[in-house]
Amino acid sequence: MTQSFDLSVYVQMLWNSLNGDFFRVTIQPGRLNYLQHHFAPSMFLFIPVYGIRKSPEILLVTQSIVLASGAWPIYKVASKGQLNQWRGVAFALVYLLYPALQAANLYDFHEVTIAAPLLAWTWYFAGIQMWPAFWLTTVLALGFREEAVIITLGMGLVLACKQNTRRIGFGLVSLSLLWLSVLFAVSFFQSKFNMNAALYFQERFGLGSNPLDAIKNILADPNEILQRVFSAEKMFYLLNLFAPVGFLLLFSWESLFLVLPYVGLNLIGSYPLLISPTQAQYNVLVVPMILITAEIGSTRLSRFFSKHSKLPNREWITILCFYILLLSFGYHFRLAHLPYSPYFKWPQITERHQLANRIASEIPVDASLSVQDNLAPHASQRRDLYIFPETNQAQYIYLDLWVIEDLRKNGVMDLTAQVEAVSSAGSYETVFNQDGLLLLRRTSFDNE
């Protein structure tokens, strides 16, 4: 259930970094450094984490812990004193239950998932005016993922509108614009030297090979952008994204700067997973901001109801808490993220899985390897790793023929010819072939 993107790319990068070849990755042609994939220098902090236990599992466990830590600042922001303690618990639960957050944590490992709770901490530190911690979490979040600058820019604008945080807000806007200019420069450099930044923009937005091209194309044909944004599937995306908080964020219009810029980019985008908040990781970064904005909206709405009804404000707060909890728990009945969903199935570790893992562990770590995508995370602790059908004359080739056949039957891709080519060319000998698991070794390896 794991893939080369996005798990083994981090495993190989961290393993190489521990062995003195900082951020080296080889799983995609044309890239030899992870920063060519995402400009995320904060991933440097995961090198000692990976050193604790050199396995993919440490990344998955650490990600879960860091992501869950975001519940605490959400709780503190929503509590605002002893009277609203249970309100803090409710919003913390909604954060932990949020479908976009669950989806990101279930889908391998990503630096954007690490950045999300850091933004929740940033907002909390601003609220208690703990400025050194505020700037630290801001810089770390920016360094974990490029898109975090969109959130920090909106956060700066919201803080600048408040009298007691105006200077901090303008400072955060300035830092965000400075970081944005750095990202633009990096993107231009990568595009100029064929370092695949162009592919990122083309795949995600379909508006050009870099941010400047995208802006030019938006200005040249704004009607196309409007058609994208207001299409039925994009409206359904907004419904799914905001439903778990009962759309309470709409009652805090001035705080929507925390949410709308990021969501707006997803609305402009053409990549399907950008508008699928119950899958993958592309909406996790905005989850804390949705919760924070919804909390402000719920405060405003409860006060409004208390003024125009006989119920006191405290009772309206309780009603709204039950409202969002009901929606959050209920939402998961149609998803497979949590065990109480009727669609949930516990992953089963079979004898074949265990066999596949043993084969991977027996491939020498100093040998180059071309590997099937789903097997890559289990064998990526090596200097040179390639994803089949890219072989680059690797010393070993490790394939899952059952998955290759499934991909062919489902019309995803057909690698049959490439498998037959390496099997019959004579340059590789069969080391293991059982239950659809095929391990080949280059025959010239021992004579070189």
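None of the figures in this text is laboratory data; all of them are computed from the coordinates on show. Everything quoted here is computed from the prediction, not taken from an experiment. Please note: Cβ atoms are built from the backbone with ideal geometry, for glycine as well, and neighbour counts cover all protein chains shown.
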Lysine pairs in the chain with Cα atoms under 27 Å, if 8 or more residues apart or on separate chains: 9
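Divide the volume of the convex hull of the Cα atoms of region 48-130 by its number of residues and quote the answer in cubic angstrom per residue.
Enclosed volume per residue, from the Cα hull, is 97 Å³.
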Share antiparallel - DSSP beta bridges, the chain, percent rounded to 5: 65 percent
Once you have the Kirkwood Rh of region 1-95 from its Cα pairs, apply Stokes-Einstein at 4 °C and 1.567 mPa s and quote D in µm²/s. 84 µm²/s
How large is ³J(HN,Hα) for each residue in region 176-181, as worked out from phi by the Karplus curve 6.51 cos²θ - 1.76 cosθ + 1.60 (θ = phi - 60°), to whole Hz, x for Gly and Pro? 5, 5, 5, 5, 5, 5
Scan of the chain for trypsin sites (Lys or Arg not before Pro) in DSSP loops with at most 16 other beta-carbon atoms within 10 Å gives a longest site-free stretch of 163-309
Give me P(r) over region 240-280, computed from all C-alpha to C-alpha distances, binned every 10 Å, as integer percentages. 26, 53, 21
Toy charge model, Lys and Arg Cβ at +1, Asp and Glu Cβ at -1: the chain dipole around Cα centroid in debye, rounded to 20, equals 2180 debye
How large, in Å, is region 392-434 by the Kirkwood hydrodynamic radius built from its alpha-carbon pairs? 11.4 Å
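Based only on other Cβ atoms within 10 Å, what is the fewest-to-most ordering of Trp72, Trp15? Let's see the in-between values first.
Values: Trp72 16, Trp15 23.
So the residues, fewest neighbours to most, are Trp72, Trp15.
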Just rank Met1, Met130, Met13, fewest to most, by other beta-carbon atoms within 10 angstrom. Met1, Met130, Met13
Counting alpha carbon pairs within less than 8 Å and at least 6 residues apart, what relative contact order, in whole percent, applies to the chain? 17 percent
Enter the angle in degrees (range 0 to 90, nearest 10) between the Cα long axis of helix 211-220 and the first principal axis of the Cα atoms of the chain, meaning the one along which they spread out most. 60 degrees
Take the Cα radius of gyration of region 11-334 and divide it by 2.2 N^0.38 Å, with N its residue count; two decimals is plenty. 1.02
To make sure I understand, if each residue's beta carbon is the centre and we count other beta carbons within 10 Å, what order do His332, His353, His308 fall in, fewest to most? His308, His353, His332
Chymotrypsin sites (Phe, Trp or Tyr not before Pro) within region 325-425: which are DSSP loop residues with at most 11 other Cβ atoms inside 10 Å? Tyr340, Tyr343
So how tilted is helix 85-97 from the main axis of the chain? Cα-based, degrees 0 to 90, rounded to 10. 30 degrees
Expressed as a percent, the portion of alpha-carbon pairs in region 269-358 spaced more than 24 Å apart is 50 percent
Normalised convex hull volume, region 351-447, alpha-carbon set, Å³ per residue: 93 Å³
Against the longest alpha carbon principal axis of the chain, how many degrees, from 0 to 90 and to the nearest 10, is the axis of helix 287-307 turned? 20 degrees
